[in-house]
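Some notes on the structure that comes next.
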Amino acid sequence: MAIPKPCRSYEFTGDILDHDGEFKKFFKGLAEFLKGKLQRVEVKGSRHNYYQYTCGQLHDRRNPDWKPWQHLWEYCEEVEFDPFAAKDAIEERIGVKLECDCQIVNNDIENRSRALANAFGADFGEPGRDYDFF
């Protein structure tokens, strides 16, 4: 029987991720991990195309195949962080409530702004979310 890896407590993980340098290191590692686990698809629009990562499942709690945080959980086990504290730290830092770990690597706000700008011929300026930790 395999012995599970030790996991840091919620408070200890939160304290570590409160430091900007540690959070950036964690977030960059998580993003690379997710890019290796998730499927990259091209979203084609009438005026512009962009790439997005997807878990391949409908984000609906009634969907029995949807496992919303499985990859974040795996990564947190590797780095010995509490996954609940990591999820809370990410949401607090980017200011967006997330449903699934595939949303971590997608810049939905920027993609929506670009789509609106192209559809209406308007420039809405820079996207409101600023979490380029890469």
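Given a Förster distance of 30 Å, report the FRET efficiency between residue 91 and residue 49 from their Cβ-Cβ distance, rounded to the nearest 0.05.
0.55
Give me the Kirkwood hydrodynamic radius of segment 1-71, using the inverse of the mean 1/r over all pairs of distinct Cα atoms, in Å to one decimal.
Roughly 15.5 Å, rounded to one decimal.
I'd like to compare 27-39, 94-106: which one has the highest average count of other Cβ atoms within 10 Å, and what's the full order after that?
On the way: 27-39: 15.5, 94-106: 17.2.
Going from most to least packed, we get 94-106, 27-39.
Stokes-Einstein at 10 °C, 1.306 mPa s, Kirkwood radius from Cα pairs: D for segment 10-120 in µm² s⁻¹?
Details: Rh = 15.2 Å.
This corresponds to a translational diffusion coefficient of 104 µm²/s.
Since every read-out is calculated from the coordinates, none of them should be taken as a lab result. Every value quoted in this text rests on a predicted model; they were computed, and no experiment measured them. Using ideal geometry, Cβ is built from the backbone for each residue, glycine included, and neighbour counts are taken over all protein chains shown.
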